[in-house]
Amino acid sequence: MANQTVERPNKSSAGTLSGHAAGEPFEKCVYHKLKQLYPNNIYKQFEYLNDIYLKHPKHISLEQRYALMNSPTALFLLSRGDKATKEWSPENIFEGGFSSLTRLRFVV
């Protein structure tokens, strides 16, 4: 990714660029590059959770779904919270836009 540029999202306004607006173009660029290199190993948070829950359809309680995480740290980083986890179903999957911070999960 050396020498690659990312277009400034508010270049026409010449306003201040900070926070989410500054980071999102870089996140998208890195995500797409990593997804090209490792298509089966790179997931955004919501994609990873959907994949885990779809692969374990009999795990429907909070405790069962949280037990699918392999560590308390993974649970903390990946969790969408009790309400969203309870409401998840194959017909009501997680979508992007959870927060301004998109988490990537690199699966080895």
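Each reported figure results from applying straightforward, stated rules to the coordinates on display, with no laboratory input. Since we're looking at a predicted model, the values are computed, not measured. Every residue, glycine as well, gets a Cβ built from its backbone with ideal geometry; the counts of neighbours run over all protein chains shown.
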Spelling it out for TYR43: with amide H atoms placed in the peptide plane at 1.01 Å from N, the residues 5 or more places away or on another chain with amide H under 5 Å from its amide H are ARG105, VAL107
First measure r as the distance between the Cβ atoms of LYS35 and ILE93, then evaluate 1/(1 + (r/R0)^6) with R0 = 25 Å and state the FRET efficiency to the nearest 0.05.
0.85
Global form of segment 18-75, assessed from the alpha-carbon gyration tensor, a/c cut-off 1.5
prolate
